[in-house]
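My questions all concern the structure below.
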Amino acid sequence: MIDITLPDGAVKKVPEGTTPMEVAKSISEGLARNVISAKFNDTTVETVTPLKESGTLTLYTWKDDEGKKAFWHSTSHVVAQALEELYPGIKLTIGPAIENGFYYDVDFGDETISEKDFPKIEKKALEIARGKHDYIMRSVSKADALSYYKEQGNEYKVELIENLDDGTITFCDHSTFTDLCRGGHIPNTGTIKAIKLLSVAGAYWRGDEKNTQLTRVYGISFPKQKELTEYLQLLEEAKKRDHRKLGKELELFTFSQKVGQGLPLWLPNGAALRERLEQFLKKAQKKAGYEMVVTPHIGQKELYVTSGHYAKYGEDSFQPIHTPKEDEEFLLKPMNCPHHCEIYNSQPFSYKDLPKRYAEFGTVYRYEQSGELHGLTRVRGFTQDDAHIFCTTEQLNDEFKNVIDLTLYVLNSLGFDNFTAQVSVRDLDNPDKYIGNTDDWEKAEQAIINAAEEKGLNYVVESGEAAFYGPKLDFMIKDALGRNWQLGTIQVDYNLPKRFDLTYKGSDNELHRPVMIHRAPFGSMERFVALLLEHTGGNFPLWLIPTQAIVLPVSEKHEKYAEKVLNSLENHEIRALIDNRNETVGKKIREAELKKIPFMIIVGEQEEASASLSVRRHGGEDLGSLSVDTFSDLVTTEINSTLKSF
C-alpha cells in the first residue's frame, strides 16, 4: 500500500499501481467524470499513470489552469494529425499549450495555408476527436526514436531527440498518430467538442532567424460548443478594445518606419496622458519619501558587465556603441538599476541615513525581435517608473510592505481591482540562470513571502519566474475581458549591492552591505497605457483623461458665450476644449463620443440667457441644465470617488 496525499491534506491508502483516475473514482464518480489531468509529486502525469510510491496528488478539471493546459496540448496533437492527413509530407515540430489555446509549428514545404483552409482543418480535427481515442504514453529508446523520425525525414524531431538523454524519451499515440511528447494529456479525444483555428503566422525554428521559417498554426478548443461561442464573442470585444486601434482613434501615439520599429512616438494627447500618470505617481512617491533622480540613456559597457545584465541580456540589447577612443564601448541603457547603484555609491552613508529611495522615469532599450513587437505592449524603447530602495536588513520588511501599499494605491486608483499577487522564485533545477549565493536567495524569497502574508495578499508561488538577480512579487491583473497581465513588480536583491560594493556604516562603526529593493508599480509607461486602454475601452478615469469636457456651440453666434464657458471651466481646473467647426451639433456629439470625451456641454440661446450649461455624459445620459459651479462640483466628486489620497 502507498499513501496518496491530496491538496486538502487528506491521505488515502491505496494499492501500489493505482492510477490518478482510480483515486478520483474513490472520491466520487462525479469528480472522476470531470478529471482530465493530474500532477504527482510536482510532475505532470497521465490520469492512467500507475502510482508506484507515496506522494502528493493533485487532480485537475477543465476549471483549473493545469486542466486547460492538458486539454489544449491534447488538442494540438489532434490538429497535428488532421494537418498530416490533409497535407501529406509536412514536417511537424512542436505544439505546446499557451495561455489561451495552443499552437503547432509546421514545415509545410511547398504547401501554404491561410484562414480559408481553417474550416476543413477544423472539420477533420473534430472527426478525429469524435473517435474517442485514448492518449497512450510509451517510453522509446533514443536509437528507436531517432530511427523513427529519420525514416520520416523529419530533421526537426531528430534535432530535438539528439538533445535528450536515453531513458527520458517518450512518444504519445492516439488513433493512427504518434508524436514525440513529454506527456500531460486528457484521457481521450472525445472530451474535445469544439475546435477553432485562430490564425497563422511565421515562426523561425527555435526562434532563430538563421533557421528555417515555419508556419505557426494557432488554435483553441473547449469541452462545450457554448464555451467556444462565448470565447469568440470575447475576442470580438477584444478587437474593439485593441490598444493599437484605440490609440489611433484617440490620437495618443503612433509609430514610424523611419524612426524605427518598436519605438513609439507620443502625440499631444498621449503625452498629456503620460504626464498626468507621472505626476500622479510622483505625488504619491514624494509622500512616501522618494527622491527623484535622472540618469543618462547610455552607459559604459563595463557598467552592465559589473551588474550582470550584459551576461544575461547582452544578446537582447542593442549592439555596443563604439566611440573614437580605442576600446571604449557604450550600451543603450537596458536597465536603470546599475545607474542608481552608482548614485548610491557617490557618497558615504551611515545606518542613520537609510533607507535611501531613488525614483526615476527612466527610458531603457532592448532589442526585441521584430516578430515579437506588438503595439505598446512589446517595444524596443520604453520608460519604467523605476525606483530602488537601499535599506538595512532590519528595514527590509517594512520597506517592502510600504511598496506593496503604494502599488495597491496605484492599481486601485486606475480600476485594476481584480488581481493575484505572484511570488516569483528561482527554478532550483536551473541554478545557472541566476547570480548570487543560495543563502541570499533564501533570505530574499522568505522576506517577500512574509511581507505578502502580513499584508493579507492573495498570493501564489511560481518557480522559475524570478529575475536573474533576485526573487520578486508580481501583480497579476485580470482585465475587463478576463485576461491576465503582469503589471506592477517588487524585487528583493542582495546581489547588486555586492557587485557594486555598496556599503553603509552601522551603529557598530563597521561597514555593512545594504539590501536593494527594485520596484515599478506601472512596470513600463508604454505597457501600462496599453493595458489601461484595453481594460477601460478608452474610457479613462475622469482624473486622468486629457480632455474632460468639450464645449459645443449650437451656432456661430454662440461662440463668444462658449469661450466664456471655457474660461470658467478652466478656472475650475476642468480640462476642456471648444469644437467651433461649422458642423451640426449632432455630428459634433457623435465625434465626441468616438473620442471618449466624458462630458459634452451644449451651449445655445437658452443656455446663454440663463448663464447655464446643457450637459450630456459620454454614453448618452442627459444631465440637464447645470451651472458651471454645479458641474464643477459634479466633476470634483466623481474624481474624488476614484482618486483617494495616498
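Based only on Cα atoms, what Rg/Rh ratio does region 94-172 have, Rh being taken as Kirkwood's radius?
On the Cα set of region 94-172, Rg over Rh gives 1.02.
What percentages make up the Cα-Cα pair-distance distribution of region 549-642 when the bins are 5 Å wide from 0?
The distribution over region 549-642 is 3, 15, 27, 28, 19, 6, 2, 0, given as percents.
Taking every DSSP beta bridge with both residues inside region 549-642, roughly what % is antiparallel (nearest 5)?
That works out to approximately 50 percent antiparallel.
Under 18 Å from the Cα of Lys240, which aspartates and glutamates turn up, not counting those fewer than eight places away in the same chain?
Glu230, Glu249, Glu251, Asp479, Glu534, Glu591, Glu593
Rounded to the nearest 20 debye, what is the charge dipole size of the chain about its Cα centre when +1 sits on each Lys and Arg Cβ and -1 on each Asp and Glu Cβ? Display every interim value, and only then the final one.
Values: 78 positive and 99 negative charges, 255 e Å.
Using only the charged Cβ atoms, the result is roughly 1220 debye.
Hey, another quick one. Which pairs break 24 Å Cα to Cα here: Lys157/Lys196; Lys63/Lys196; Lys68/Lys193? Write out the running numbers ahead of the final one.
Working: Lys157/Lys196 26 Å; Lys63/Lys196 19 Å; Lys68/Lys193 14 Å.
Those over the limit are Lys157/Lys196.
Please report the equivalent ellipsoid semi-axes of region 587-646, computed as sqrt(5 x eigenvalue) of the Cα gyration tensor, largest first, in whole Å.
Whole-Å semi-axes of the equivalent ellipsoid: 22, 17, 7.
Using helices alone, I'd like the mean residue ellipticity at 222 nm for the chain: each DSSP H run of four-plus residues gives -39500 (n - 2.57), total over residue count, nearest 500. Mind dumping the intermediate values first?
Values: 20 runs with 227 residues, N = 646.
Only helices count here, giving -10500 deg cm²/dmol.
How high is the relative contact order of the chain, in percent, counting Cα pairs under 8 Å that sit 6 or more residues apart? Present the calculation step by step, with values, prior to reporting the outcome.
Details: 1163 pairs, mean separation 55.4, N = 646.
Rounded, it is 9 percent for the chain.
Which of Thr377, Pro96, Val23 sits farthest toward the positive end of the charge dipole of the chain, with +1 on the Cβ of Lys and Arg and -1 on the Cβ of Asp and Glu?
In the chain, that residue is Thr377.
Now, a different point. Relative contact order (percent) for region 549-642, with alpha-carbon contacts under 8 angstrom and 6 or more residues of separation?
RCO, region 549-642: 28 percent.
Helix check for the chain. Which DSSP H runs span at least 20 Å along their own axis by Cα, with a mean Kyte-Doolittle hydropathy no less than 0.0?
Numbers: long enough: 65-86 (31 Å, -0.50); 225-241 (24 Å, -1.31); 268-287 (29 Å, -1.22); 396-413 (26 Å, 0.18); 438-454 (24 Å, -1.02); 628-642 (22 Å, 0.07).
Qualifying helices, which must be both long enough and hydrophobic enough, are 396-413, 628-642.
Counting pairs of alpha carbon atoms under 8 Å apart in space and at least six apart in sequence, what relative contact order in percent does region 66-238 give?
Relative CO of region 66-238 lands at 26 percent.
Note down, for region 254-536, the three equivalent ellipsoid semi-axes (square root of 5 times each alpha carbon gyration tensor eigenvalue), biggest first, whole angstrom.
Numbers: eigenvalues 154, 125, 73 Å².
Taking √(5λ) for each eigenvalue gives 28, 25, 19 Å, largest first.
What are the GluC sites (Glu not before Pro) within region 561-611 that DSSP puts in a loop, where the Cβ has at most 15 other Cβ atoms within 10 Å?
Working: sites: Glu563, Glu570, Glu573, Glu583, Glu591, Glu593, Glu605, Glu607, Glu608; in loops: Glu573, Glu583.
Here the GluC sites (Glu not before Pro) that fit, given the DSSP loop and packing criteria, are Glu573, Glu583.
Taking 27 Å as the cut-off for C-alpha to C-alpha distance, list the pairs among Lys401/Lys443; Lys455/Lys644; Lys333/Lys443; Lys52/Lys224 that go past it.
Violating the 27 Å Cα-Cα cut-off are Lys333/Lys443; Lys52/Lys224.
Could you pull out the GluC sites (Glu not before Pro) across region 39-110 that fall in loop regions by DSSP (anything but H, G, I, E, B) with no more than 16 other Cβ atoms inside 10 Å?
Listed in order of number, the matching sites are Glu53, Glu99.
With +1 on each Lys and Arg Cβ and -1 on each Asp and Glu Cβ, how big is the dipole of region 549-642 about its Cα centre, in debye rounded to the nearest 20?
So the dipole magnitude of region 549-642 works out to roughly 340 debye.
Output the direction-averaged projected area (hull surface divided by four) of the convex hull of the alpha-carbon atoms of region 139-263, in nm².
Approximately 11.9 nm², given one-decimal rounding.
Next up: If you find the alpha carbon centre of region 407-468 and of region 469-544, how far apart are they in angstrom?
11
What's the whole-number percent of alpha carbon pairs in region 2-61 lying beyond 15 angstrom?
On the way: 692 of 1770 pairs.
Cα-Cα pairs of region 2-61 separated by over 15 Å account for 39 percent.
Let me ask something else. Excluding same-chain residues fewer than 8 positions from Lys25, which lysines have a Cα within less than 17 Å of its Cα?
Answer for Lys25, where 17 Å is the Cα cut-off: Lys12, Lys13, Lys39, listed by chain and number.
Over the Cα atoms of region 281-394, compute the convex hull volume and normalise it per residue, giving Å³.
143
Out of region 467-542, which GluC sites (Glu not before Pro) are coil in DSSP terms and have no more than 15 other C-beta atoms within 10 Å?
Glu510
With N denoting the number of residues in region 23-179, provide Rg(C-alpha) divided by 2.2 N^0.38 Å, to two decimal places.
1.14
Give me the aspartates and glutamates in straight-line cross-link reach of Lys564: C-alpha distance below 20 Å, same-chain residues under 8 apart excluded.
Counting by Cα, and skipping residues close in sequence, Lys564 has these aspartates and glutamates nearby: Glu556, Glu573, Asp579, Glu605, Glu607, Glu608, Asp629, Asp633.
Towards the positive end of the charge dipole of region 66-238, with charges on Cβ (+1 Lys, Arg; -1 Asp, Glu), say which of Leu146, Pro223, Val106 has the farthest Cα.
So the residue furthest toward the plus end is Pro223.
Which value, in debye to the nearest 20, describes the size of the charge dipole of region 254-536 about its Cα centre when Lys and Arg Cβ atoms bear +1, Asp and Glu Cβ atoms bear -1, and nothing else is charged?
Using Cβ point charges on Lys, Arg, Asp and Glu, region 254-536 gives about 900 debye.
Read-outs throughout are calculated quantities, based only on the coordinates presented, and are distinct from any laboratory measurement. Given the structure is predicted, the values throughout are model-derived calculations rather than measurements. All Cβ positions, glycine included, derive from the backbone under ideal geometry; neighbour counts span all protein chains shown.
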